[in-house]
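Below: one structure, written as structure tokens.
The values are calculated or read from the model by the stated rules, or taken from the named source; none is laboratory data. From a predicted model like this one, the values you see are computed outputs, not experimental measurements. Here the Cβ positions follow ideal geometry from the backbone for every residue, glycine too, while neighbour counts run over all protein chains shown.
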Amino acid sequence: MSQPSEHPVVAVVILNWNGISYLERFLPFLNRSTYPNLKLYVADNGSTDNSVNWLQTHHPHIQVLTSKTNLGFAGGYNWAISQLNEELLVLLNSDIEVDPGWIEPVVQLFNQHQDVAAIQPKIMDFHRRDHFEYAGAAGGWMDRLGYPFSRGRVFDVLEKDHGQYDTIREIFWASGAAMFIRKSAFNQAGGFDEFFFAHQEEIDLCWRMQRLGWRLLVCPQSIVYHIGGGTLPKDNPRKVFLNFRNNLIMLYKNLSLAEASWILPGRFALDAISAYKNLFSMQSSYFFAVMRAHFAFLGWMLFHQKRSVRLPANNREVALKGLYQGSIVWQHFIRGKNRFSEIVSSLNG
């Protein structure tokens, strides 16, 4: 078998939807990347803000792929990736600042580990640069009931970075905000589930890739700074709806029937508690978003399952990495634990 190239071509793909202000602000940082074999793409998702014309005028070296309609995160990236020939891709949000040397340590890991499908850099908060950022922090995990959390982020609590998670580790999911991925693994797993439209599709994809035998890593030596909420604020009812609906769909698709029979009812109950808590806190939009998500999930089960990407049941018998066997709801809300290292203490970060 031939040895991998020390500097294989890396294609950075930014999915853009009316994000000209972010492109103006953050493309200069991307252009300063020191990696010697880099290609830059912007996949425009039906923007109406003159993004395409601006890119062609100010950044002619960036190849622009254009869609006439907004296909969402999942559909937009599936469409864009299908047009690319490069094996190593970076799916990068438009609201991210990158360090100049952010690519080299990740490529080195890919070269060393041919069974690794995706790698996430350390994602820091753009506004509080010594704190982790919500969308992935230092590597994504999931608990037994399907709640995602990260090394450095438990629910809404973001830790300050003291180097406590600077080790390269296997993870459950790599953030879609900044995901290095092999196109071959992406295609083998079926790509993103377009029914999701946006939110948690990367967790679903990573789960499927693990079930196929691939590994996922976090590389804290690669650092990016994320604004977050660039398209929808975190408490936006549309975002709440998509997160709750998609999480339930993901669980149903990837769990065995025996697991789903007790996990899904438990999630419905916990979701309802969260919804009523917000209703009593005068946040009725959150309450109704969760209720709509539950009904939408049931509608998906009845009418839309065939539209979703899923693997055969015999692919489930894999020892999943980055899966916490307890409940972070219990650890965080009942026991008051706010840091990843307190909850997953046996791994020491």
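If Ile249 satisfies every condition in (1) of a type in the set (A, V, I, L, M, F, W, C); (2) in contact (Cβ under 8 Å) with a residue 60 or more places away in the chain; (3) closer than 16 Å to Leu205 by Cα but one, which is the exception?
Of (1) of a type in the set (A, V, I, L, M, F, W, C); (2) in contact (Cβ under 8 Å) with a residue 60 or more places away in the chain; (3) closer than 16 Å to Leu205 by Cα, only one is false for Ile249: (2).
How many residues, within the range 30-52, are of a type in the set (Lys, Arg) and either in a helix (DSSP H, G or I) or without any contact (Cβ under 8 Å) to a residue 60 or more places away in the chain (or both)?
So the count comes out to 1.
Taking Gln114, is it surrounded by fewer than 19 Cβ atoms within 10 Å (Cβ to Cβ), touching a helix residue (DSSP H, G or I) at 6+ places or on another chain (Cβ under 7 Å), in contact (Cβ under 8 Å) with a residue 40 or more places away in the chain and among the polar types (S, T, N, Q)?
For Gln114, the condition - surrounded by fewer than 19 Cβ atoms within 10 Å (Cβ to Cβ), touching a helix residue (DSSP H, G or I) at 6+ places or on another chain (Cβ under 7 Å), in contact (Cβ under 8 Å) with a residue 40 or more places away in the chain and among the polar types (S, T, N, Q) - is not met.
Restricting the range 94-108 to residues that are farther than 25 Å from Phe73 by Cβ and either surrounded by fewer than 16 Cβ atoms within 10 Å (Cβ to Cβ) or not charged (D, E, K, R) (or both), which is nearest to the chain's Cα centre (by Cα)?
Taking the candidates together, the pick is Pro105.
Residues are listed down the side, and each one gets a yes or a no for (1) within 29 Å of Pro121 (Cβ to Cβ); (2) of a type in the set (Val, Ile, Thr); (3) in contact with a helix residue (DSSP H, G or I) (Cβ under 8 Å, 6 or more places away or on another chain):
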position	(1), (2), (3)
Phe244	yes, no, yes
Lys253	yes, no, yes
Ala260	no, no, yes
Arg267	no, no, yes
Lys277	no, no, no
Phe280	no, no, no
Ala289	no, no, yes
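If you scan the range 322-349, which residues turn out to be among the aliphatic types (A, V, I, L, M), assigned to a helix (DSSP H, G or I), modelled with pLDDT of 90 or more and under 25 Å from Thr167 (Cβ atoms)?
Within the range 322-349, Ile328, Ile343 meet the criteria.
Working carefully through the options Ala189, Ala174, find the one that is within 17 Å of Leu255 (Cβ to Cβ), among the aliphatic types (A, V, I, L, M), in contact with a helix residue (DSSP H, G or I) (Cβ under 7 Å, 6 or more places away or on another chain) and modelled with pLDDT of 95 or more.
On inspection, the qualifying residue turns out to be Ala189.
Among the numbered criteria (1) within 15 Å of the chain's Cα centre (by Cα); (2) closer than 21 Å to Tyr134 by Cβ; (3) at pLDDT 95 or above, which single criterion is violated by His199?
(3)
If you go through the range 258-267 one residue at a time, do you hit one that is β-branched (Val, Ile, Thr) and at pLDDT 95 or above?
Yes.
From (1) exposed (fewer than 13 other Cβ atoms within 10 Å of the Cβ); (2) in a loop (DSSP other than H, G, I, E, B); (3) modelled with pLDDT of 95 or more, pick out the condition that doesn't hold for Ala319.
For Ala319, the failing item is (3).
Cβ-Cβ distance below 7 Å, separation of 6 or more or different chains: which pairs start in the range 320-349 with a residue that is at positive phi and end on one that is in a loop (DSSP other than H, G, I, E, B) and at pLDDT 95 or above?
Pairs that qualify, where the first residue is at positive phi and the partner is in a loop (DSSP other than H, G, I, E, B) and at pLDDT 95 or above, are Gly322/Ile171; Gly322/Phe172; Gly349/Arg151; Gly349/Gln164; Gly349/Tyr165; Gly349/Thr167.
Residue-by-condition table, conditions (1) crowded, with 18+ Cβ neighbours inside 10 Å; (2) in a helix (DSSP H, G or I); (3) at pLDDT below 95; (4) of a type in the set (Gly, Ala, Ser):
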| residue | (1), (2), (3), (4) |
| --- | --- |
| Leu217 | yes, no, no, no |
| Arg238 | no, yes, yes, no |
| Asn247 | yes, yes, no, no |
| Met250 | yes, yes, no, no |
| Leu279 | no, yes, yes, no |
| Phe287 | yes, yes, no, no |
| Ala293 | yes, yes, no, yes |
| Phe297 | yes, yes, no, no |
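Could you list all residues from the range 53-93 that are in a helix (DSSP H, G or I) and under 25 Å from the mean Cα position of the chain (by Cα)?
Passing the criteria: Gly72, Phe73, Ala74, Gly75, Gly76, Tyr77, Asn78, Trp79, Ala80, Ile81.
Of all residues in the range 117-154, which are touching a strand residue (DSSP E or B) at 6+ places or on another chain (Cβ under 7 Å), not basic (Lys, Arg) and not in a strand (DSSP E or B)?
Selection gives Phe126, Asp130, Glu133, Tyr134, Ala135, Gly136, Ala137, Ala138, Gly139, Gly152.
Between His199, His162, which is part of a loop (DSSP other than H, G, I, E, B) and either surrounded by fewer than 19 Cβ atoms within 10 Å (Cβ to Cβ) or of a type in the set (Val, Ile, Thr) (or both)?
Every option except His162 fails the conditions.
Which of the residues spanning the range 165-196 are among the hydroxyl-bearing types (Ser, Thr, Tyr) and either assigned to a loop (DSSP other than H, G, I, E, B) or under 19 Å from Phe73 (Cα atoms) (or both)?
Selection gives Tyr165, Thr167, Ser175.
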